1. Do you know which residues across the stretch 155-168 are at pLDDT 95 or above and hydrophobic (A, V, I, L, M, F, W, C)?
2. Among Ala83, Ala32, Ala53, which is the only one that is modelled with pLDDT of 65 or more, under 29 Å from Thr146 (Cα atoms), surrounded by 17 or more Cβ atoms within 10 Å (Cβ to Cβ) and in the same structural domain as Thr228 (by TED's automatic domain parsing)?
3. Can you tell me which residue among Val221, Val184 is at pLDDT 95 or above, surrounded by 17 or more Cβ atoms within 10 Å (Cβ to Cβ) and within 23 Å of Leu290 (Cα to Cα)?
4. Looking at (1) assigned by TED's automatic domain parsing to the domain that holds Ala291; (2) of a type in the set (A, V, I, L, M); (3) more than 23 Å from Lys282 (Cβ to Cβ), which is the only condition Ala200 fails?
5. Do any strands (runs of 3 or more DSSP E) lying entirely in the stretch 80-181 carry at least 2 residues that are without any contact (Cβ under 8 Å) to a residue 60 or more places away in the chain, and which ones are they?
6. Given the criterion surrounded by fewer than 20 Cβ atoms within 10 Å (Cβ to Cβ) and under 23 Å from Lys262 (Cα atoms), identify the matching residue among Asp67, Asp101.
7. Restricting the stretch 159-175 to residues that are loosely packed, with under 13 Cβ neighbours inside 10 Å and not acidic (Asp, Glu), which is farthest from the chain's Cα centre (by Cα)?
8. Test each condition in (1) at pLDDT 95 or above; (2) touching a helix residue (DSSP H, G or I) at 6+ places or on another chain (Cβ under 7 Å); (3) over 25 Å from Ile240 (Cα atoms); (4) small (Gly, Ala, Ser) for Gly141 and report the one that comes out false.
Amino acid sequence: MTKRFPTRLARLVTAAGLAGLIGFGAGSSMAAEKVTMGVIGTGSAQQWALWIADAKGFFTENNVKIDIVVTPAASAVMQQVIAGALDIGTAGLTSPMRAIDQGIQVAVLGIETQAPPYSLWSKPSVAKMSDLRGKTIVVGGAKDITRTFLERMVVPAGVPKDQYDLTYAGSASARFAALSSGAVDAALLNPPFSFKAQAAGFRNLGNLTDTVQMPFTGYVVAKSWAKTHKPLLAGFMASIAKGAAWFYEDANRDEAIEILRKVSNADRADVAATYDLYRQLKVFPVKNSLADSEIGKIVGVLKDLGELDGAPDLARFIDPEIAAIVK
């Protein structure tokens, strides 16, 4: 079934059955409890562990039913989490960190992706990073983590951020469309769209992981809701962790590729290349906890960019009660 918010965000309901109470296995007759989760775009590889958990019944095992809301950008995810329309949102980690710095009562529950699999693609006429002066580049948003990633790539290459123009598109598919149409000179892309850019003859100016080592996306919750739904969130995160572990098993490669192909409608060859790259980069943490992450690097980057109003004390940005949900 399909529902819509007043903002007309499309809602795609994924399948998840009945399961037992958390810790009691799938044999209980208790109904699964629903979690409404916001993602950016349809069938993103960033949610691969989630798609696996859904397809393999890991949510069912933990008494969780997933209701996915597709949004156009991280800003929409954050707005809906803050408004209470979403239980959980996934977004680049700079978005919740900025919100927390401003006193908004949200928290990061855990890490979704621990390595940013982005690369910067340009028209063939842009031969090197320094040629981006005076050019138009598309990133996810003015406050999106992709804008931060772009700056970490181009500024060290001698291109100050006041010497190029930015335009915004929340999803990688929209950014690739802008590059393909000639509307922009360069785009920050992640797989499978980076592979599509390569096949179309665009130029790779650099891979983000060559210059940036920090977490990418995380699960965001409203503090008040999270603290009254700890068992549900524990079941959600346990399912995600099991999905990530399953992803890394050699024997599961073909099935993992097929799972993402079905939800994304992407070309199988592109999905297969994405799988191999994500395994190489170890994109998904097997432990999603903040204690096992390098989330402090996000705070440091925002401090360096002058985008924090308060002190860059990591304790300000982690709610210990919510962080403790994920073991």
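1. Within the stretch 155-168, Val159, Leu166 meet the criteria.
2. Details: Ala83 fails: surrounded by 17 or more Cβ atoms within 10 Å (Cβ to Cβ); Ala32 fails: under 29 Å from Thr146 (Cα atoms).
From the options Ala83, Ala32, Ala53, the qualifying one is Ala53.
3. On the way: Val184 fails: within 23 Å of Leu290 (Cα to Cα).
Answer to the selection: Val221.
4. Among (1) assigned by TED's automatic domain parsing to the domain that holds Ala291; (2) of a type in the set (A, V, I, L, M); (3) more than 23 Å from Lys282 (Cβ to Cβ), Ala200 violates only (1).
5. On the way: elements: 88-92, 106-113, 119-122, 136-139, 165-168.
Answer list for the stretch 80-181: 136-139, 165-168.
6. Going through Asp67, Asp101 in turn, just one is surrounded by fewer than 20 Cβ atoms within 10 Å (Cβ to Cβ) and under 23 Å from Lys262 (Cα atoms): Asp67.
7. Pro160
8. If we test Gly141 against (1) at pLDDT 95 or above; (2) touching a helix residue (DSSP H, G or I) at 6+ places or on another chain (Cβ under 7 Å); (3) over 25 Å from Ile240 (Cα atoms); (4) small (Gly, Ala, Ser), just (1) comes out false.
The values are calculated or read from the model by the stated rules, or taken from the named source; none is laboratory data. Everything numeric in this text was worked out from a predicted model, so none of it was measured. When we count neighbours, we look across all protein chains shown, and the Cβ atoms used for this are built from the backbone with ideal geometry, even at glycine.
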